Amino acid sequence: MISRIKTLYELQIVDEKLDELDELRGDLPVAVESLRAKINEIKKETEEKEEQRENSLEKRKENEEEVEKLKINQKKFKAQLYNVRNNKEYDALTKEIDHSEEQIKKLETDNDSLADVSKKLADEIEAITPQLNEYSEDLKIKETDLKEIIKNNEKEEAKLREQRKIIEDQTKKMDYSAYMRIRKAKGKAVVTIKRSACSGCHNIVPAQRQLEIRRNNKLFFCEYCGRILVSPEVAGITED
């Protein structure tokens, strides 16, 4: 049993060293991910606005082409007015001319609105471009800093991760599950007894429980914080 307890404490020591390396990175990993998310969001917004603007321009072009066709037809109808033979033909032509005029006005009004939309979208794209550039430059600096920190510690980290894998393989599955569950909730999963107290939450461990823990024949958990308690002897052996 003592080997199981010792293995868990060894795992804690390695994880603490890995945590220290993570702390050297500070908030850089979070900052980098946050900047990447903001940049992607702005790029997506810009692409959507660009697409809307292109659609607006395309629609204006289609409307202009339709206006030209209507004007040609309108000119043709007006020329035919001089050759009408009766009122019925005259009324039919004037009706076509009036209808064409209505369609032209409608399309030109639509194009005015589309032009306003296109300009608004262009202004919005122009307004967010400096922010995108600022975020991109900031990301570049932070990524460089983060890579430098990782590079400086990559050998030590690789060694620790290899060491951790070996210890993990030696740990019983149920022990490892309990360890990881506590680590996720508390950060530190395995603690020693110092001055008759749990070194994790600093609550006093009853004398009888301390004696039981020193026998090293069972896993004990702090009744206050839930961490795994190990005897000073196990800690001493492991650290040596």
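Any read-out appearing in this document is the output of simple, stated calculations on the displayed coordinates, not a laboratory observation. Predicted model, so just to flag it, every value in this text is computed and none were measured. Cβ: placed from backbone, ideal geometry, glycine included. Neighbour counts: every protein chain shown.
Gaussian network model of the chain, Cα springs within a sub-10 Å range: biggest mean-square fluctuation belongs to which of Ile72, Ile167, Ile182? Of Ile72, Ile167, Ile182, the most mobile in the Gaussian network model is Ile72. Rounded to the nearest Hz, the phi-derived 3J(HN,Hα) couplings of region 34-47 under the Karplus curve 6.51 cos²θ - 1.76 cosθ + 1.60 (θ = phi - 60°) are 5, 5, 4, 5, 5, 4, 4, 5, 5, 4, 5, 4, 5, 4, where x marks glycine and proline. Which one is right for this structure if mean projected area of the Cα convex hull in nm² is calculated from it: (i) 23.7; (ii) 16.7; (iii) 12.1? So the structure-derived entry is (i). Axis of helix 173-186 versus longest Cα principal axis of the chain: the two differ by about 70°, to the nearest ten degrees. With a cut-off of 19 Å on the backbone N, the residues of region 161-192 near the modelled label site 7 Å out from Arg214 along Cα-Cβ are 191-192. Paramagnetic label reach from Lys69 (point 7 Å along Cα→Cβ; backbone nitrogen cut-off under 14 Å): within region 104-146, residues 104, 107. Shown in residue order for region 114-129 are the 3J(HN,Hα) couplings computed by the Karplus curve 6.51 cos²θ - 1.76 cosθ + 1.60 at θ = phi - 60°: 5, 5, 5, 4, 4, 5, 4, 5, 4, 5, 5, 5, 5, 6, 8, 4 Hz (x for Gly and Pro).
Axis of helix 2-24 versus longest Cα principal axis of the chain: the two differ by about 40°, to the nearest ten degrees. Using the rule -39500 (n - 2.57) for each DSSP H run of four or more residues, divided by the residues of the chain, the 222 nm mean residue ellipticity is -28500 deg cm²/dmol. Measuring between alpha carbons in the structure, the pairs from Lys159/Lys186; Lys6/Lys184; Lys59/Lys120 lying more than 22 angstrom apart are Lys159/Lys186. Looking at region 55-115, the trypsin sites (Lys or Arg not before Pro) that sit in a DSSP loop and have at most 10 other Cβ atoms within 10 Å of their own Cβ are Arg85.
Each label was represented as a point 7 Å from its Cα along the Cα-to-Cβ direction; for Glu124 and Lys151 these points are 4.1 nm apart. By other beta-carbon atoms within 10 Å, ranking Arg183, Arg161 with the fewest at the front produces Arg161, Arg183. Past 25 Å, Cα to Cα: identify those pairs from Lys43/Lys142; Lys142/Lys188; Lys71/Lys95; Lys44/Lys105; Lys119/Lys142, in the order given. Over 25 Å Cα-Cα: Lys142/Lys188; Lys44/Lys105; Lys119/Lys142.
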